[in-house]
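The values are calculated or read from the model by the stated rules, or taken from the named source; none is laboratory data. It should be emphasised that the depicted structure is a prediction, and the values quoted were computed from it without experimental measurement. Positions of Cβ are backbone-derived with ideal geometry, glycine not excepted, and every protein chain shown enters the neighbour counts.
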Amino acid sequence: AQSVAQPEDQVNVAEGNPLTVKCTYSVSGNPYLFWYVQYPNRGLQFLLKYITGDNLVKGSYGFEAEFNKSQTSFHLKKPSALVSDSALYFCVYSSGNTPLVFGKGTRLSVIA
Amino acid sequence: EPEVTQTPSHQVTQMGQEVILRCVPISNHLYFYWYRQILGQKVEFLVSFYNNEISEKSEIFDDQFSVERPDGSNFTLKIRSTKLEDSAMYFCASILRQGNTEAFFGQGTRLTVV
């Protein structure tokens, strides 16, 4: 089955340190990959997407992600974490003609 | 910026009752979705709707569920006879076209079945 996997349920990072939230994908063909964020008691907000072209994509709030075809990964990164980045992050996949498929989510906690 | 709006934000209902969750998608979008999230966990696909009909549905979307777009703007999810396990956050989303464009999600309706 085509899917995305987020191997970490929880990531803890100190404020000011770089953060990485991992995602790997298992799909055939060229995937469309997205990151969404859910702040406490809020809806889902789009952060960034990879469609084609540059492997490094930049998104909202200083986040970026690198598409790595050889490692089938699409890790989310930020050079310097903020306490306000604490949220639930979802890696999401689409094949182009199917609904979005969500990973299980990774809870990021940034500690002051 | 255009947004997807959902009402109500919170709905409490008794088991066996019917509920209707409402959504107003972004006006020029063509595809509409319902997803649900139980207890802040994984977001699960329920149904997609295009050209005034269901285009895809998951195993969760059984005969107790239905969707419609009655007036060209609202997009509703109806649960005919709610069960305790229907308690979840329900998200509506809309997208201009499938594939390489991002979906816009509403703030969600928290459904509590008691």
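For segment A:70-103, how many residues are within 21 Å of A:ASP9 (Cβ to Cβ), hydroxyl-bearing (Ser, Thr, Tyr), within 14 Å of chain B (Cβ to nearest Cβ) and not in a strand (DSSP E or B)? Total satisfying the criteria: 1. Taken over segment B:15-29, the criterion of being modelled with pLDDT under 95 and within 13 Å of chain A (Cβ to nearest Cβ) is satisfied by B:ILE26 alone.
May I ask you to verify whether B:GLU59 is among the charged types (D, E, K, R) and either loosely packed, with under 15 Cβ neighbours inside 10 Å or more than 10 Å from every other protein chain (Cβ to nearest Cβ) (or both)? Yes: the conditions hold for B:GLU59. Considering only segment B:33-45, I want to know if a residue exists there that is free of Cβ contacts under 8 Å to residues at least 60 places away in the same chain and touching a Ser or Thr at 6+ places or on another chain (Cβ under 6 Å). Checked against the condition, which is being free of Cβ contacts under 8 Å to residues at least 60 places away in the same chain and touching a Ser or Thr at 6+ places or on another chain (Cβ under 6 Å), segment B:33-45 yields at least one hit. Considering only residues in segment A:25-65 that are assigned to a loop (DSSP other than H, G, I, E, B) and either in contact with a Pro (Cβ under 9 Å, 6 or more places away or on another chain) or away from chain B (no Cβ under 12 Å) (or both), the one that is surrounded by the fewest Cβ atoms within 10 Å (Cβ to Cβ) turns out to be A:SER28. Which condition from (1) hydroxyl-bearing (Ser, Thr, Tyr); (2) at pLDDT 95 or above; (3) closer than 19 Å to A:SER95 by Cα; (4) surrounded by fewer than 20 Cβ atoms within 10 Å (Cβ to Cβ) is the one that A:SER70 breaks? Of the numbered conditions (1) hydroxyl-bearing (Ser, Thr, Tyr); (2) at pLDDT 95 or above; (3) closer than 19 Å to A:SER95 by Cα; (4) surrounded by fewer than 20 Cβ atoms within 10 Å (Cβ to Cβ), the odd one out for A:SER70 is (2). Looking at B:PHE45, B:PHE61, which one is outside any strand (DSSP E or B), in contact with a Leu (Cβ under 8 Å, 6 or more places away or on another chain) and of a type in the set (Phe, Trp, Tyr)? After applying the criteria, what remains is B:PHE61.
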